[in-house]
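This report refers to the structure that appears directly beneath it.
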Amino acid sequence: MIFHAFLIKYAEIAIKGKNRYIFEDALVKQMNIALSKVEGEFEVKKEQGRIYVFCPEQYDYDETVEALQHVFGIVGICPVVIYEDQGFEQMAKDVVSYMKNCHPNYDGSFKVYTRRAKKSYPITSMEVSAELGGRILDEFPDASVDVHEPDLTLSVEIRDKIYVYSQTIKGAGGMPIGTNGKAMLLLSGGIDSPVAGYMIAKRGVKIDAVYFHAPPYTSERAKQKVVDLAKQVAKYSGPIRLHVINFTDIQLYIYDQCPHDELTIIMRRYMMRIAEHFAKESRCLGLITGESIGQVASQTLQSLAATNEVCTLPVYRPVIGFDKQEIVERSWEIGTYETSIQPFEDCCTIFVAKHPVTKPNLNVIHRSETKLEEKIDELMKIALETVEIIEID
């Protein structure tokens, strides 16, 4: 069966009152971006409280649906067949034909839901539903009508033409990208941070990212792994500007000058400082990390407080209450897990202490950081000036 259009369903956008059009326009923009990667000329239009995607004569159905399923803000995608309005008798024949093509030999319960967007149509919505239901029963004698809890809802919308659909494909949900500001994701090669970026993007936040590279201790394969993760997240979030920071000299200097049980916390504090620099440069309103309370030594409440102290922007941790299995399950859902488990280590795992402090004392951390004052500013300056920018589409 050839579907001529898709009806796009959304949820939260519908309750935005007078600002609803802003969210609808943002959703249309993201849909156009997603569909631009699919061959064919698609037309996304807002019509009478609905958003439709009108399809070209020839297009790849599966590829189109997949593209729309990656757009935040969409909760349902309904493939639509459009018929010419040639009077009720022809409509009834078309609807029965639709059922025979889409649901051959149907023997479950159903109801017909009719919506008259064209108010001049001479028959009421209830009359259309009742009559069409009867015609369907004539052709499908093993089917039954259930208006309360049907197995199948056949929707008929009467506009300038007749729109018929009966399937709703699940969308990504959430809010359209760009409706809730912008934030900077600290992206590593692990499982957690891509999931954190996805979850914040799902709330309508545009994201950029920063990755800390430590050659020769981390390989080009480790860097490519992070680029691949950013590409996976970008399927949902839209384009990401990835900042690749050469962190080797800073890490080695901290390693030489500071107590080893404090390495993770102090390195993390300098990562946050650098990430915040680029966040402010990009007009981001916060930082995003994949930290989860108690998962590792650097993620106790005391450790998180110690890393927070160096930031003036808020730090968002969307997976903070998740256990590892919950994060792993989400990473499977969004397609990042297989990439995340590739055996290429990032700088956080290379320089980890054998016995890291789990309850850092800020006064002690401050004293340790004074040992870095001679050279750290120069190393930070070099790291900021030598950043590599990778545009992830």
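Remarks
- Assigned charges on the beta-carbon of Lys, Arg, Asp, Glu; segment 23-88 dipole about Cα centre (debye): 360
- GluC sites (Glu not before Pro) within segment 66-159: DSSP coil, no more than 14 neighbouring Cβ in 10 Å: none
- Angle between the chain longest axis and helix 324-334 axis [Cα atoms, degrees, rounded to 10]: 50
- Working note: 222 nm ellipticity from helices only, DSSP H runs with n ≥ 4, each -39,500 (n - 2.57), summed and divided by the residues of the chain, gives -12500 deg cm²/dmol to the nearest 500.
- Rounded to the nearest 20 debye, dipole of the chain from Cβ charges on Lys, Arg, Asp, Glu: 1220
- Modelled label reach - residue 382, point 7 Å along Cα→Cβ, segment 236-257 residues with backbone N closer than 16 Å: 245-257
- The long axis of helix 376-385 is offset from the longest Cα principal axis of the chain by roughly 40 degrees.
- Cα long-axis angle, helix 248-257 against the chain (0 to 90 degrees, to the nearest 10): 40
- Antiparallel DSSP beta bridges within segment 23-164, percent to nearest 5: 55
- For segment 93-192, the tally of Lys pairs with Cα-Cα distances below 24 Å comes to 12, considering only residues 8 or more apart or on different chains.
Taken together, the values in this text are just the output of simple stated rules run on the coordinates, not laboratory data. Predicted model only: the values in this text are computed from it and were never measured. No Cβ is skipped: glycine too gets one built from the backbone with ideal geometry, and neighbour counts run over all protein chains shown.
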